[in-house]
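The values are calculated or read from the model by the stated rules, or taken from the named source; none is laboratory data. As the structure is a prediction and not an experimental result, all values here were calculated from the model. We place every Cβ from the backbone using ideal geometry, glycine too, and count neighbours over all the protein chains shown.
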Amino acid sequence: MSNKENFFKGIIKENPLFVSLLGMCPSLAVTTSLENAIGMTLGVFFVLVLSNFIISLIMSNKKLAELVKPVRIPVYIVVIATLVTIVEMVMHAYLPSLFFSLGVFIPLIVVNCIILGRAEAFASENKPVDSVIDGVGMALGYGLAIMLISIFREFLGKGTLTVWGDFQINLTFIFDFLKIEPIAMFVQPVGAFLTFGLILAAITAIANNHKNKLAKKVANNG
Amino acid sequence: MEGVTKMNKGLISGLVLLALGIVCGLLLSVVNYFTAPKIKEVEDAIKYEALAEFYTLADYDLSEVEGTGDFGTIFILKAKGTETIEALVYTVSAQGYSGANQKIQMLIAVNADLSVEGYKVVSHAESTGFGADIVNNDFGVSEIDDLSGFDSVAGVTETSNGIKTCFNLVGQRIAADLGGGLSE
């Protein structure tokens with residue numbers, strides 16, 4: 001697999017959220033605003049890229065890998081938990097509003113199955129550089145997915161898009177023009193499931209359409 | 001012989017895990033060394049900001065004592081130049097939805113006549129989405145010795161119970177504190 005394929009598979013073909021359906025719980029919970037999604041993306045990016053790199057570094061050393069193999073899952077957890085704790089401490093110190101907004105979902109990154117999954121499925125069997133590329137692709141894929149969900153939810157639920165801190169795009173004029181109120185349900189849990197379901201349905205429809213077109217092309221050529 | 005080799009391998013794997021744990025612990029202590037003062041600064045800023053929301057601080061002699069157990073800093077507001085306690089502001093914590101390690105921390109300001117001047121959630125790690133509700137909610141408490149009108153946050157029972165516990169903890173000790181139970 002080329003570096004380009006390795007990078008892009010996490011964004012489209014093997015998108016952790018929309019294709020593999022991994023890490024859904026925190027994803028649906030934090031997508032009440034775009035700022036939360038961006039903050040969560042940064043946290044997951046840091047943890048995923050570094051955990052992939054460190055685990056790959058450990059497992060690519062044959063002697064060390066042999067010793068670590070029987071206790072590899074606790075080793076992964078120790079590495080991931082350390083990185084998550086660093087994210088938590090730095091966020092608490094320098095981004096307190098985001099820290100309080102993300103709440104319990106920052107420490108829960110430790111048990112995010114995307115991170116543990118990539119460590120076991122990819123980083124433990126590939127070189128450090130490839131693992132970093134995989135981590136960057138997967139983290140970006142995850143980030144883009146939760147940002148897409150949060151854009152829909154925040155816009156439909158509040159009529160705004162909070163990008164970062166006080167930088168907020170006010171789109172309530174659209175609702176004023178339509179003479180309706182923002183639909184608060186979209187920032188509630190039910191809105192998360194609804195938005196996720198609708199986006200997933202749209203993506204599946206586009207993918208199926210693309211597959212059908214390819215199949216037709218092959219049939220016509222054949 | 002094979003058993004001994006297997007045992008040695010297991011022991012070495014355990015030692016590798018232990019060594020990794022020590023390295024990670026050291027790394028975290030370095031990060032903590034740099035972030036802990038900043039975190040304290042952030043939390044103090046929130047507390048003083050909240051204090052200023054409750055009272056005009058220039059009108060009082062402000063002192064503080066460190067509480068024990070569930071209590072953090074207790075701010076004592078005395079009338080200028082006197083020993084009369086006008087109000088006490090408690091930093092108090094209780095367990096909410098996020099468990100014992102990440103308690104809800106509140107500031108509760110109580111006047112000498114036991115009326116509640118104000119309250120604020122200064123830190124919590126409760127579920128996202130409800131965060132704003134917790135921080136800004138009006139819990140309907142006006143007297144610290146009467147929580148009958150306590151208004152919970154809908155759908156967040158554990159969190160609401162944690163907040164009610166904070167009020168209860170203050171209610172249990174305020175009379176003794178106003179009677180001279182606090183030493184600076």
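The figures follow:
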quantity: Residue in the stretch B:3-52 that is nearest to the other protein chains (Cβ to nearest Cβ), counting only those that are free of Cβ contacts under 8 Å to residues at least 40 places away in the same chain and basic (Lys, Arg); calculated: B:LYS38
quantity: From B:ASP70, B:ASP59, residue being at pLDDT 85 or above and under 30 Å from A:ALA81 (Cα atoms); calculated: B:ASP70
quantity: A:ASN126 over 16 Å from A:PHE45 (Cα atoms), crowded, with 18+ Cβ neighbours inside 10 Å and more than 14 Å from chain B (Cβ to nearest Cβ); calculated: yes
quantity: Qualifying residues in the stretch A:82-122 (those that are touching an Asp or Glu at 6+ places or on another chain (Cβ under 8 Å) and more than 10 Å from chain B (Cβ to nearest Cβ)) - the one farthest from B:GLY96 (Cα to Cα); calculated: A:PHE122
quantity: Unique residue being at pLDDT 90 or above, within 30 Å of A:GLU5 (Cα to Cα) and either over 15 Å from the mean Cα position of the chain (by Cα) or not in a helix (DSSP H, G or I) (or both) when the list is A:ALA81, A:ALA65; calculated: A:ALA81
quantity: Filter result (under 21 Å from B:GLY171 (Cβ atoms) and acidic (Asp, Glu)) within the stretch B:50-93; calculated: B:GLU64, B:GLU66, B:ASP70, B:GLU86
quantity: Residue identified as of a type outside the set (Asp, Glu), outside any strand (DSSP E or B) and more than 13 Å from the chain's Cα centre (by Cα) among B:VAL65, B:VAL42, B:VAL110, B:VAL116; calculated: B:VAL42
quantity: Flag for B:GLY162 being modelled with pLDDT of 80 or more, surrounded by 17 or more Cβ atoms within 10 Å (Cβ to Cβ), assigned to a helix (DSSP H, G or I) and within 14 Å of another protein chain (Cβ to nearest Cβ); calculated: yes
quantity: Qualifying positions in the stretch A:1-16 - over 12 Å from A:LEU144 (Cα atoms) and touching an Asp or Glu at 6+ places or on another chain (Cβ under 7 Å); calculated: A:ASN6
quantity: Some residue of the stretch A:145-161 being more than 10 Å from every other protein chain (Cβ to nearest Cβ) and among the aromatic types (Phe, Trp, Tyr); calculated: yes
quantity: Residues of the stretch A:51-69 satisfying the condition of being more than 7 Å from chain B (Cβ to nearest Cβ) and either crowded, with 20+ Cβ neighbours inside 10 Å or touching a residue at least 60 places away in the same chain (Cβ under 8 Å) (or both); calculated: A:SER51, A:ASN52, A:PHE53, A:ILE54, A:ILE55, A:SER56, A:LEU57, A:ILE58, A:MET59, A:SER60
quantity: Condition check for A:SER51: out of contact with any Phe, Trp or Tyr (no Cβ under 6 Å at 6 or more places or on another chain) and modelled with pLDDT under 90; calculated: no
quantity: Tally, over the stretch B:39-85, of residues that are within 16 Å of A:TYR94 (Cβ to Cβ) and exposed (fewer than 15 other Cβ atoms within 10 Å of the Cβ); calculated: 4
quantity: Positions within the stretch A:70-124 being closer than 16 Å to A:PHE53 by Cβ, polar (S, T, N, Q) and without any contact (Cβ under 8 Å) to a residue 24 or more places away in the chain, in sequence order; calculated: A:THR82
quantity: So A:LEU156, is it assigned to a helix (DSSP H, G or I), in contact with a Phe, Trp or Tyr (Cβ under 7 Å, 6 or more places away or on another chain) and free of Cβ contacts under 8 Å to residues at least 60 places away in the same chain; calculated: yes
